1. Of everything in the stretch B:118-173, what is at the interface with chain A (Cβ under 9 Å from one of its Cβ atoms) and surrounded by fewer than 24 Cβ atoms within 10 Å (Cβ to Cβ)? Give them in sequence order.
2. Quickly run through the stretch B:209-221 and pick out the residues that are open to solvent by 10 Å² or more (accessible area, probe 1.4 Å) and either more than 8 Å from every other protein chain (Cβ to nearest Cβ) or of a type in the set (D, E, K, R) (or both).
3. If you scan the stretch B:193-208, which residues turn out to be over 16 Å from residue B:148 (Cα atoms) and within 10 Å of chain A (Cβ to nearest Cβ)?
4. Being hydrophobic (A, V, I, L, M, F, W, C) and touching a Lys or Arg at 6+ places or on another chain (Cβ under 9 Å) is the filter; apply it to the stretch A:172-195 and report the residue that is modelled with the highest pLDDT.
5. State whether the residues of the stretch A:208-221 include one that is surrounded by 12 or more Cβ atoms within 10 Å (Cβ to Cβ) and at pLDDT below 80.
6. State whether one or more residues within the stretch A:120-129 are at pLDDT below 90, assigned to a helix (DSSP H, G or I) and surrounded by 15 or more Cβ atoms within 10 Å (Cβ to Cβ).
7. Got a sec? Which of A:99, A:77, A:81 is at pLDDT 90 or above, open to solvent by less than 10 Å² (accessible area, probe 1.4 Å) and over 24 Å from residue A:180 (Cα atoms)?
8. Is there a residue in the stretch B:3-12 that is outside any helix (DSSP H, G or I), open to solvent by 60 Å² or more (accessible area, probe 1.4 Å), over 18 Å from residue B:166 (Cβ atoms) and of a type outside the set (Lys, Arg)?
Amino acid sequence: MTMKINWYKFSAPSAFYPLAGKLIPWFWALAALFGVVGLWLGLLVAPTDFQQGEGYRIIFVHVGASWMSMFIYVVMAFWAAIGLAFNTRLSGMMAAALAPTGVLFTFVSLWTGAFWGKPMWGAWWVWDARMTSELILLFLYIGFIALTRAIDDPRRADKAGALLALVGVVNIPIIYFSVKWWNTLHQGASVSLSKGSSMAAIMLWGMLFCALAMWMYTIAVVLTRARGIILERERHTEWVKTLLTQNAPIAPIAQAKAK
Amino acid sequence: MNVILHIIARDLRLALRRPADLASVLFFFIIVASLFPLGVGPETDLLRRLAPGVLWVGALLATMLSLPRMFADDFYDGALEQLALAPYPLGFVVLGKTLAHWLVSGLPLAILAPLLGLQFDLPGDTLLILAGSILLGTPALSGIGAIGAALTLGLRGGGVLLSLLVLPLYIPVLIFGAGAVDASMSGISPNAHLFLLAALTVGGVAFAPWAAAAALKIALE
């Protein structure tokens, strides 16, 4: 296929809106498929862990959520950089659409971590380096959302949010390593999350499928949210007005009355 | 270079004409540090153990309190717009303002900290390290804070929002700052912590003003 795809075309919200609408069902289907396979492998096929019993099965949710929580922040910073560099409207909308899902996964990761920690370590929370930095990541997400919601002008909100996301992404490695060193200096390595790569292959597959399911879910949800943001911000434009009058059930009646 | 010095002199003159603002930051630090013994009890061993963290968190919050004023006054009377239009890089202007902010917040806090350290029964060497670490770490706080102050300029609820944005980014400075004091107290060399703190300050003062200048441009649009 030598057809050249015109990426710039889809940077226009009016072109992106229908494209996202077409893609969303596919990503939902993939999310459901991967989710069923992953959970089936994880909950039914994978053997019970000889050390951790059945409790370990929470990793099928936990690991994927942790990956996504970090990955989404990087993607958000990527869109932020694109938005600042090329001054595209859609980039800011994508960053705004990604943030709530990032919060969701960070929260799920922390919560499932607590559920796992209680039977394994006997505590809901320990100041482990990874848990602490995940908590700080949650703060960074909250800060991003709070800042963008506090600014009424959407263009300024996008730019300010983009700058904050970039500052955050530069700081994440610094924060991670400082927390790690703090952790090793303050308390002995009484607990370690690393289990090595001795994990059974079937567990790994289950985890990968669950992570893929979350990935597809993220794309589907973010595209849906981006469509909502597009409609809200472009409501004054002609194409949104025609789109809404075409789809809305009440509109034809109103038009008929006008005639 | 002259621009930076000029801005520092101007901001210092403005700050000194309102000495109450300066003093309120210092008294905030004193009050926060005095609340902890009242909260956890007067046992000297416990207080000595808590001192590095408590004093550093207090210094951090005190620095943060004075951040909203960094650009706000100039923003409302229009001076900031004139500075942005001036034929100098806005980053230099922000660097000058950052250093001026440090001179009226970080520097006095570092001078005051050993006095509060005495209340927590810290030994003599540790008092020196405490002052040194605050002296070394607070420029980074002013730098990172400038980004937050610029981003929240003119927003409703700016002060609370500012703390939400800035405090997570302050964590590395807190860790190494309190770590240095902790290390000196337990007889380990605090140099590793102090070097890392210096690295954060160099990085923060070098890069943060440019990010803050970008944020100011967004706010002034």
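1. B:155, B:156, B:157, B:158, B:160, B:161, B:164, B:166, B:167, B:168, B:171 - these are the residues of the stretch B:118-173 that are at the interface with chain A (Cβ under 9 Å from one of its Cβ atoms) and surrounded by fewer than 24 Cβ atoms within 10 Å (Cβ to Cβ).
2. Result: B:210, B:217, B:220, B:221.
3. B:193, B:196, B:199, B:200, B:203
4. Once the filter is applied, the top-ranked residue is A:179.
5. Among the residues of the stretch A:208-221, not one is surrounded by 12 or more Cβ atoms within 10 Å (Cβ to Cβ) and at pLDDT below 80, which makes the answer no.
6. The answer is yes, given that some residue of the stretch A:120-129 is at pLDDT below 90, assigned to a helix (DSSP H, G or I) and surrounded by 15 or more Cβ atoms within 10 Å (Cβ to Cβ).
7. After ruling out the rest, the residue left standing is A:99.
8. No; the residues of the stretch B:3-12 include none that is outside any helix (DSSP H, G or I), open to solvent by 60 Å² or more (accessible area, probe 1.4 Å), over 18 Å from residue B:166 (Cβ atoms) and of a type outside the set (Lys, Arg).
The values are calculated or read from the model by the stated rules, or taken from the named source; none is laboratory data. For clarity, every value in this text was computed on a predicted model and none was experimentally measured. Please note: Cβ atoms are built from the backbone with ideal geometry, for glycine as well, and neighbour counts cover all protein chains shown. Heavy atoms of the whole protein, side chains included, go into the accessibility calculation; ligands, DNA and RNA do not. Shrake-Rupley method; radii C 1.70, N 1.55, O 1.52, S 1.80 Å.
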